[in-house]
1. When you look at residue 138, is it in a helix (DSSP H, G or I) and either within 30 Å of residue 289 (Cβ to Cβ) or more than 9 Å from the ligand (Cβ to nearest atom) (or both), yes or no?
2. For the stretch 106-122, name all the residues that are touching a residue at least 60 places away in the same chain (Cβ under 8 Å) and more than 9 Å from the ligand (Cβ to nearest atom).
3. Can you confirm whether the stretch 179-199 contains a residue that is touching a residue at least 24 places away in the same chain (Cβ under 8 Å), assigned to a helix (DSSP H, G or I), within 26 Å of the chain's Cα centre (by Cα) and over 23 Å from residue 129 (Cβ atoms)?
4. Pick from the stretch 44-73 the residues that are near the ligand (Cβ under 9 Å from one of its atoms) and buried (at least 22 other Cβ atoms within 10 Å of the Cβ): which of them is nearest to residue 113 (Cα to Cα)?
5. Do we find that residue 206 is more than 20 Å from the chain's Cα centre (by Cα) and assigned to a helix (DSSP H, G or I) in this structure?
6. Just to verify a result, which residue in the stretch 25-36, among those that are touching a helix residue (DSSP H, G or I) at 6+ places or on another chain (Cβ under 8 Å) and more than 9 Å from the ligand (Cβ to nearest atom), is farthest from residue 109 (Cα to Cα)?
7. Kindly evaluate residue 143 against the criterion of being modelled with pLDDT under 90 and surrounded by fewer than 16 Cβ atoms within 10 Å (Cβ to Cβ).
8. Can you tell me which residue in the stretch 216-226 is farthest from the ligand (Cβ to nearest atom), limited to those that are within 30 Å of residue 20 (Cβ to Cβ) and surrounded by fewer than 17 Cβ atoms within 10 Å (Cβ to Cβ)?
Ligand SMILES: Nc1ncnc2c1ncn2[C@@H]1O[C@H](COP(=O)(O)OP(=O)(O)OP(=O)(O)O)[C@@H](O)[C@H]1O
């Protein structure tokens, strides 16, 4: 059957061929499909577009087993994929997952494994501009660093040779609802999306509607702002990488004295950048503010050890600023501990 081209197909098509996404001809793609309207809309559009570029499309579904109907829904979703001649894969969590953060971590580790097994170069998720606005508002409320305001980047490296892309960031949630209706796609609703125990859901159902009433188009503009921040972050990253080279000793340790001589904002950015390179997740603004006095007073060799202990103790109560894990019921404080034992040493 001839593809049903629409303005939405064209918009997605342009997005997929744009930097930094740039899906090459013949690419092997793994699409994460929850069965909700966003991922179904992306699946529907890709089904038509893939023929143009000879993309090989696989679908992956993660069954969290949060609800009784979950197995049946997973089954129906796989049947739908089969009817569309798409190869589909499903993983089921053995014991029910209770936190969004744990569920997300599990999904990404499955996607990573599956993409490797299928030799896929790209993993696609169906985050929309509306998801982006919600995430920005969440991060703002938690006092995010600027990076958190550039969140839900359109593309990033998932693991070596596998890129995670979010091609639907140029669509809103009302677009995906319309696309599903127009393409006659089935949707499996997830009641947890309206559960008020998640702060994201309250931002979606209470905060954004008020902002839209006050300033129509607010959600779209917040997402556009995040996109702009993402581009600025990228160019700033290049400058930071260059500057960081001048602050590293031969052993790749950061030279404390030289770092402390730099103005506060750039100093913070350089420290965050260096920590990230060492695999340590970024600290929040409040944590950084508490860390500096410790680094400023010279306490000899133990100085970094003290800073490290401080971070470990914050760790128990921290608020994640970039990728904040959300916990059932508590509106934001995280429940998983990052590996701060790996905090790298600064030079004395
Ligand atoms: N159960 C699932 N199975 C497969 N893919 C999923 C599942 N849940 C979410 N996804 C993928 O992730 C996208 C975003 O979903 P959602 O916003 O619910 O997750 P999230 O936890 O906020 O994701 P992230 O942490 O990546 O921001 C979906 O559009 C879909 O592509």
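The values are calculated or read from the model by the stated rules, or taken from the named source; none is laboratory data. Remember, it's a predicted structure, so these values are computed and weren't measured experimentally. Neighbour counts are summed over all protein chains in view; Cβ atoms, including those assigned to glycine, are modelled from backbone coordinates with ideal geometry.
1. yes
2. 114, 115, 118, 119, 120, 121, 122
3. Yes - at least one qualifying residue is present in the stretch 179-199.
4. It comes out as 60.
5. Considered against the rule, which asks whether it is more than 20 Å from the chain's Cα centre (by Cα) and assigned to a helix (DSSP H, G or I), residue 206 comes out as yes.
6. Applying the filter and picking the extreme gives 25.
7. yes
8. 217
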